[in-house]
Amino acid sequence: MLGKKIGWKFDNTYSNLSESLLSKLNPTPVKTPELILFNHNLSKEIDLDFSQIDNKELALIFSGNKLPDGSDSIAQAYAGHQFGHFTILGDGRALMIGEHLDKKENRYDIQFKGSGKTPYSRNADGRAALGPMLREYLISEAMHNLEVPTTRSLSVIKTGEDVIRESILEGAILTRVASSHIRVGTFQYALISKNKNDLKTLFDYTLSRHYPDLKKSKFPAIDLLKVVLEKQIDLICNWMRVGFIHGVMNTDNMTISGETIDYGPCAFMNKYDPDTVFSSIDLQRRYSYFNQPRIAKWNLERFAESLLPLINNDSKVGITMANEVLKEFPEKYKKKWLEMMKKKLGLVGDDRNDEQLIIELLSWMHKNKSDYTNTFCYLMNEYKHKNQIYNEKQFILWKKKWEYRIKLNNNSQEKSFKIMRKVNPFVIPRNHLIEDALKHATKMNDLDKVHKLLKVLQNPYDSISTNSAYQLTPSLEENYVTYCGT
Ligand code: AMP
Ligand code: MG
């Protein structure tokens, strides 16, 4: 009956793969589920209709207490290099309840995060706390609206149960929607699985699901590596564009689809500093803003290693073929990054000094601790506050050069601003805004700030005149950190 009203169309394919790649189990029921957030826009986008379902029933569904007909929940096995060290992992606190097809037959994993222990939980509790789940909801939806490929968030419910971290916190479950949860780490797991067929099974499945055209290819494994490399370059350039730092670019947190996944210790950079890291445990600065492309390449090398048996029977030949692809990363990345930065500055056509112009601005921002997002807003006349920094002599000189450059190639400032407005957000989910909204939600049971922030973040490229307070940056944010495993 429920299925009819809502429009679920489950077609579960991953759960049919070999048992060594997954574990079948249901979510652990929770005490008193309560709906906290629900993403009606997203549910409409994927052709689900919850308009006739009240909040109580929504809470029952999205806590896992009342699973929809047709679901078949599984925890996926995977491995991963965490901060460079290889570990066997798996969904330790998540369950994919099924794959839903929208009317156009687009396939979405519906996954509960925080739904109880699984065979992969190791010594942890399988649960999640309210703050971090609200955080993932806020940031993933912001990323989507910033036009960065990402998993989405459909709901957050409170479980009515405590979770014990450094203090006692309220438990919560996030429903994540993803084009799949196949990770580099899933391939790493399949490579060393006891079941020798797992790698080929996973590979064939991945091609069918994400890259069906490659099935006809002469060298499908090498072509998969190529397309994932392109996807990751595109993704990282998008992160760099909006100043996003993932924080834990472990291979288990890198998808084959090219979507951003796992919003743990991630954050947006305020002042421009390429060394910025946000994870409390990242003492080596492995996952700093500047290192993100380098780490993407490192992760792709691990992906290539996992694919080797499928590339060529002779591993030496396979390694040579994979290296041919991987060695193109730096040049391809640089080209994409340059294109992206030129758009951020509204540069039309080519000029031999373009890269220099970009680097000069970034160096100036770094030296002067200038806010990354707001500096581009300032150039588009969209920064609505006073800041003496932009009266600085070196900046004025740079700006003159830039103004001269944007008029080259028959271009006008108006045209440049049009290009810039599509790629430079006026508002990002700044850390202090997120923290303030989460504090009100978790300590005062007040979701007003979360809703307001979500609303502003829905249109990050619209002129900010009515919401310019969201552009302000706090002065005391030198050592902002976020934490893993919450
Ligand atoms: P993450 O840092 O969220 O990417 O998680 C890394 C690994 O730790 C994954 O295998 C998670 O499923 C697992 N994990 C994180 N938190 C918990 C938890 N509270 N209970 C069980 N497993 C967890
Ligand atoms: Mg993860």
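The values are calculated or read from the model by the stated rules, or taken from the named source; none is laboratory data. Quick caveat: nothing in here was measured; it's all calculated off a predicted structure. Note: ideal-geometry Cβ built from the backbone for every residue, glycine included; neighbour counts use all protein chains shown. Heavy atoms of the whole protein, side chains included, go into the accessibility calculation; ligands, DNA and RNA do not. Shrake-Rupley method; radii C 1.70, N 1.55, O 1.52, S 1.80 Å.
Quickly run through segment 54-85 and pick out the residues that are touching a Ser or Thr at 6+ places or on another chain (Cβ under 7 Å) and β-branched (Val, Ile, Thr).
If the condition is that a residue be touching a Ser or Thr at 6+ places or on another chain (Cβ under 7 Å) and β-branched (Val, Ile, Thr), then Ile74 is the only one that fits.
Looking at segment 91-110, which of the residues that are in contact with a Ser or Thr (Cβ under 7 Å, 6 or more places away or on another chain) and either free of Cβ contacts under 8 Å to residues at least 12 places away in the same chain or within 16 Å of ligand 2 (Cβ to nearest atom) (or both) is most open to solvent (accessible area, probe 1.4 Å)?
Arg93
Keeping to segment 282-296, report how many residues are buried (at least 18 other Cβ atoms within 10 Å of the Cβ) and part of a helix (DSSP H, G or I).
Looking only at that region, the number is 4.
Look through Ser43, Ser51 and report the one residue that is out of contact with any helix residue (DSSP H, G or I) (no Cβ under 8 Å at 6 or more places or on another chain), of a type outside the set (Asp, Glu) and modelled with pLDDT of 95 or more.
Ser43
Is it the case that Glu339 is in contact with a Ser or Thr (Cβ under 9 Å, 6 or more places away or on another chain), under 30 Å from Gln413 (Cβ atoms) and among the acidic types (Asp, Glu)?
Numbers: in contact with a Ser or Thr (Cβ under 9 Å, 6 or more places away or on another chain): no; under 30 Å from Gln413 (Cβ atoms): yes; among the acidic types (Asp, Glu): yes.
It is false that Glu339 is in contact with a Ser or Thr (Cβ under 9 Å, 6 or more places away or on another chain), under 30 Å from Gln413 (Cβ atoms) and among the acidic types (Asp, Glu).
Could you list, in sequence order, the residues of segment 241-261 that are open to solvent by 10 Å² or more (accessible area, probe 1.4 Å) and more than 16 Å from ligand 2 (Cβ to nearest atom)?
If the condition is that a residue be open to solvent by 10 Å² or more (accessible area, probe 1.4 Å) and more than 16 Å from ligand 2 (Cβ to nearest atom), then Arg241 is the only one that fits.
I'd like to know if segment 148-161 contains one or more residues that are part of a strand (DSSP E or B), of a type in the set (Ser, Thr, Tyr), within 16 Å of ligand 1 (Cβ to nearest atom) and open to solvent by 10 Å² or more (accessible area, probe 1.4 Å). First the steps, then the outcome.
Kept after step one, since they are part of a strand (DSSP E or B), are these residues of segment 148-161: 150, 152-161.
Those still in the list that are of a type in the set (Ser, Thr, Tyr) too: 150, 153, 155, 159.
Narrowing further to those that are within 16 Å of ligand 1 (Cβ to nearest atom): 150, 153, 159.
Next cut, open to solvent by 10 Å² or more (accessible area, probe 1.4 Å) only: 150.
Yes, there is a match, as at least one residue in segment 148-161 is part of a strand (DSSP E or B), of a type in the set (Ser, Thr, Tyr), within 16 Å of ligand 1 (Cβ to nearest atom) and open to solvent by 10 Å² or more (accessible area, probe 1.4 Å).
Which numbered condition in (1) farther than 30 Å from Ile88 by Cβ; (2) at pLDDT below 95; (3) among the small types (Gly, Ala, Ser) is the only one that Ser280 fails?
Every listed condition holds for Ser280 apart from (1).
Considering only helices (runs of 4 or more DSSP H) fully contained in segment 389-468, which possess at least 3 residues that are in contact (Cβ under 8 Å) with a residue 40 or more places away in the chain, open to solvent by less than 10 Å² (accessible area, probe 1.4 Å) and in contact with a strand residue (DSSP E or B) (Cβ under 9 Å, 6 or more places away or on another chain)?
Fully inside segment 389-468 and qualifying: 431-443.
Kindly provide the set of residues from segment 168-209 that are closer than 18 Å to Gly116 by Cα and open to solvent by 10 Å² or more (accessible area, probe 1.4 Å), ordered by number.
Ile168, Leu169, Glu170
Step by step: first the residues of segment 50-90, then only those that are among the small types (Gly, Ala, Ser) and farther than 19 Å from Leu202 by Cα, then the one that is nearest to ligand 2 (Cβ to nearest atom). Which residue is that?
Of segment 50-90, the ones among the small types (Gly, Ala, Ser) are 51, 59, 63-64, 70-71, 73, 75, 77, 79-80, 84, 90.
Okay, now just the ones that are also farther than 19 Å from Leu202 by Cα, so 51, 59, 63-64, 70-71, 84.
Details: Ser51: 33, Ala59: 25, Ser63: 21, Gly64: 19, Gly70: 27, Ser71: 22, Gly84: 16 Å.
Ranking the qualifying residues of segment 50-90, first place goes to Gly84.
Which numbered condition in (1) crowded, with 17+ Cβ neighbours inside 10 Å; (2) more than 27 Å from Ala267 (Cβ to Cβ); (3) in contact with a Gly (Cβ under 6 Å, 6 or more places away or on another chain) is the only one that Asp69 fails?
Asp69 satisfies all of (1) crowded, with 17+ Cβ neighbours inside 10 Å; (2) more than 27 Å from Ala267 (Cβ to Cβ); (3) in contact with a Gly (Cβ under 6 Å, 6 or more places away or on another chain) except (1).
Output the residues belonging to segment 119-132 that are crowded, with 24+ Cβ neighbours inside 10 Å and within 14 Å of ligand 2 (Cβ to nearest atom).
Scanning segment 119-132 gives Ala128, Pro132.
Only residues that are assigned to a loop (DSSP other than H, G, I, E, B) and open to solvent by 10 Å² or more (accessible area, probe 1.4 Å): list them for segment 264-277, please.
Narrowing segment 264-277 to residues assigned to a loop (DSSP other than H, G, I, E, B): 264-266, 269-270, 272-277.
Passing the criteria: Gly264, Asn270, Tyr272, Asp273, Pro274, Asp275, Thr276, Val277.
Run down Ala94, Ala59 and say which single residue is under 26 Å from Leu454 (Cβ atoms), small (Gly, Ala, Ser) and touching a Leu at 6+ places or on another chain (Cβ under 7 Å). Step through it out loud before you land on a result.
On the way: Ala94 fails: touching a Leu at 6+ places or on another chain (Cβ under 7 Å).
After applying the criteria, what remains is Ala59.
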